[in-house]
Amino acid sequence: MTVVPTSALGTVRTVPIPNPGDLLDLLPEPGGLAWVTGGEGLIGWGTAARLELTGPDPFAAAEAWWRELLAGVVVEDEVGLPGCGPVAFGSFAFDGATGTSALVVPETVVGVRDGVWWLTTVAGTGRALPVPGTPPPAPGPVTYGEGSRTAAEWTGAVAEAIRRIDRGEVEKVVLARDVVARAEGPVDPRRLLRRLAAGYPGCWTFAVDGLLGATPEMLVRLEKGIATSRVLAGTLPRTAGGSAALARSAKDLSEHRYGVASVADALARHCGSVEVPDAPYVLALPNVLHLATDVSAVVADGSTSLGLLASLHPSAAVCGSPRPAALAVIRAVEGLDRGRYAGPVGWMNAAGDGEWGIALRCAELDPADPARLRLFAGCGIVAGSDPAEELAESEAKLLPMREALGA
C-alpha cells in the first residue's frame with residue numbers, strides 16, 4: 001500500500017459559482033480527473049491525497065483509508081449536492097490480487113448538477129478556476145498493433161472457453177483483448193475526453209490516474225440509501241434491424257440473465273428490497289446495441305458505495321458465472337493483464353455515497369511513453385457463442401477510443 005500524503009485534509013470548502021462553460025474544457029492539465037455524463041458531473045486536478053493498493057480486498061482497505069483521512073476534516077459546504085465537500089476519484093483493478101488500484105483526492109473540484117455549479121478546494125491548496133483554453137492539439141496519425149495476443153490467438157482462447165462451457169466447467173465467461181495504439185506525437189487525454197463526451201453523451205466519460213474512456217455501464221450509484229445499477233450484457237454491432245434481432249436473441253438473452261442475476265444477488269446481501277424489471281430494454285449507442293436492465297434497491301445495512309462494490313465486483317457482465325469458475329477460466333486462457341480495465345471507476349463523497357461505473361470502452365496511457373496507449377474490449381462467452389462473431393463484437397467495442405484518437 002502506498003499513501004501520499006497521510007496528513008489530514010484540513011478545511012474543505014465548497015462554494016457556488018457562475019456557469020464557467022463546458023466542464024471538460026476547464027481541465028488545466030493533462031493529468032486531470034473526470035466523471036461527466038450529459039455535460040454534468042465532476043472534474044478535478046491537483047493531488048491533496050493519494051492511495052495506491054493491491055490485495056484481494058481493496059475496497060475494505062480503501063474505505064478504512066478514506067475514514068482515517070476524513071477524521072478531523074472541517075467541511076464548509078454552501079451547496080449541499082452530491083459531489084460537494086471532500087471527494088475521492090477512484091479506479092480499481094479488475095483482479096485486486098494482481099493489479100494496482102488508485103484513489104485520488106484532488107486539490108480542486110468543479111462540479112455541476114441540475115444546472116447548479118460549484119467549486120471545491122482543499123485546505124487552500126486549490127487553484128483559481130481556469131478559463132477554457134484552446135483545444136489540445138491532435139497527436140498526429142495513429143497506428144494500431146496487436147496487444148498481448150494476436151486476433152487469431154484470441155479467437156482460439158474464445159474457442160477454448162466455449163469448450164469449457166460445453167464441458168460444464170462454467171456457464172458464462174468474459175474474455176478481454178487489448179490493442180496497442182501509437183500516435184505520431186504525445187496524446188493529450190483532454191482531447192480524447194472531449195471527443196468521447198461529444199460522441200457518447202449518454203455514457204460516463206472518465207479519467208482517473210491514466211485510465212480514460214466512456215463507459216455505458218453503471219455498476220452502482222448510491223445516494224441517500226438508494227442504490228441503482230445498470231446491467232449491460234448481450235451486444236450486437238449497430239445495424240438496421242439490430243434492435244429487434246438483439247431483443248429476441250436466445251444467446252444474448254441468456255448472457256444478460258447471468259449479469260442481472262449477479263447484480264441482484266449481490267445487492268440483496270445489503271438491501272431490504274431489490275427491484276428488477278421483468279425484461280431488458282435495448283440501449284442504442286453510436287457503435288453497438290446492448291441489452292440493458294436498470295436494477296434498484298434500498299440499502300438496509302448502512303453500507304457505503306465501497307461496501308457495495310466489494311459484493312458487486314466482478315459482476316457476471318465482466319467476469320462470468322459462476323464467479324469463481326469464470327475467474328479461473330479467465331486466468332487460464334485469456335493471456336492478458338487487464339490492469340484496471342473492467343474494474344470499478346468513479347467517485348465517492350464523505351458520506352460514502354458516489355457513482356461507480358465499470359471501466360469499459362477505455363484506454364490506458366503508457367506512463368513511460370506519452371504517444372502510446374493500450375485499448376481494451378471484452379465479450380461475454382456462453383454456449384452457442386461463435387469466435388469470429390465475438391472478434392467482430394470486440395472490434396465494435398474498440399470504436400469509441402479509435403474515434404477519439406482519430407483526426
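The values are calculated or read from the model by the stated rules, or taken from the named source; none is laboratory data. Given the structure is predicted, the values throughout are model-derived calculations rather than measurements. Don't worry about glycine lacking a Cβ; one is built from the backbone with ideal geometry, like all the others, and counts go over all protein chains shown. Keep in mind that these areas ignore ligands, DNA and RNA; they rest on the heavy atoms of the full protein, side chains included. Shrake-Rupley method; radii C 1.70, N 1.55, O 1.52, S 1.80 Å.
The charge dipole of region 1-121, taken about its Cα centre with unit charges on the Cβ of Lys, Arg, Asp and Glu (plus for the first two, minus for the last two), comes to roughly 160 debye. Annotation: Cα Rg of the chain relative to the compact-globule expectation 2.2 N^0.38 Å equals 0.95. In the chain the longest region clear of GluC sites (Glu not before Pro) that are loop-assigned by DSSP and have at most 16 other C-beta atoms within 10 Å covers 185-407. Between the residues 168, 322, 16, the greatest Cα displacement towards the positive end of the dipole of the chain, with unit charges on the Cβ of Lys, Arg, Asp and Glu, is found for 168.
Near the amide H of residue 108, within less than 5 Å, lie the amide hydrogens of 45, all on another chain or at least 5 residues away, with H placed in the peptide plane. In the elastic network of the chain, a GNM with C-alpha springs shorter than 10 Å, the most mobile of 250, 233, 368 is 368.
Accessible surface for residue 172 stands near 0 Å², nearest 10, in the context of the full protein assembly shown (1.4 Å probe).
Projecting the Cα positions of 245, 205, 45 onto the charge dipole of the chain (unit charges on Cβ atoms of Lys, Arg, Asp and Glu, taken about the Cα centre) puts 245 furthest along the positive direction. Applying 0.36 nm per residue to the separation of residue 116 and residue 301 and subtracting their alpha-carbon distance, the gain on full extension is 63.5 nm. Given a 1.4 Å probe and the protein chains as shown, residue 230 ends up with an accessible area of around 60 Å². When +1 charges are put on Lys and Arg Cβ atoms and -1 charges on Asp and Glu Cβ atoms, the dipole computed for region 142-191 relative to its Cα centre reaches about 120 debye. Per-residue accessible area (protein heavy atoms, 1.4 Å probe) orders 155, 54, 235 as 54, 155, 235, starting from the largest.
Considering only 91, 156, 74, and ranking their Cα positions along the charge dipole of region 52-169 that arises from unit charges at the beta-carbon of Lys, Arg, Asp and Glu, the one farthest toward the positive end is 156.
For region 98-152, the share of accessible area belonging to carbon and sulfur comes to 59 percent (1.4 Å probe, ligands and nucleic acids excluded).
The Cα center of region 188-232 and the Cα center of region 285-347 differ in position by 15 Å.
Against the criterion of solvent-accessible heavy-atom surface with a 1.4 angstrom probe, 50, 338 sort, most first, into 50, 338. The Cα atoms of region 3-112 give a gyration tensor whose axes a ≥ b ≥ c have a/c of 1.5 or more with a/b no greater than b/c, which makes the shape oblate. For residue 246, the solvent-accessible surface with a 1.4 Å probe is about 0 Å², rounded to the nearest 10. Dividing the alpha-carbon Rg of region 266-407 by 2.2 N^0.38 Å yields what? Scaled against compact globular proteins, the figure is 1.19.
Over all pairs of different C-alpha atoms, region 134-217 has a mean inverse distance whose reciprocal, the Kirkwood radius, equals 15.8 Å.
What is the percent of Cα-Cα separations in region 71-195 that go past 25 Å? When all Cα pairs of region 71-195 are counted, 57 percent exceed 25 Å. Computed from phi, the 3J(HN,Hα) profile of region 136-149 under the Karplus parametrisation 6.51, -1.76, 1.60 (θ = phi - 60°) reads x, x, 5, x, x, x, 10, 10, 10, x, 4, x, 5, 9 Hz, with x in place of Gly and Pro. Taken about its Cα centre, the chain carries a charge dipole of about 300 debye when Lys and Arg each add +1 at the Cβ and Asp and Glu each add -1 at the Cβ. Excluding ligands, DNA and RNA, the accessible surface per residue across region 197-339 is 37 Å² with a 1.4 Å probe. Stretched out straight at 0.36 nm per residue, the stretch from residue 54 to residue 180 would grow longer than its current Cα-Cα span by 42.9 nm. Within the listed set 120, 239, 134, the Gaussian network model of the chain (springs between alpha-carbon atoms below 10 Å) gives the highest mean-square fluctuation for 134.
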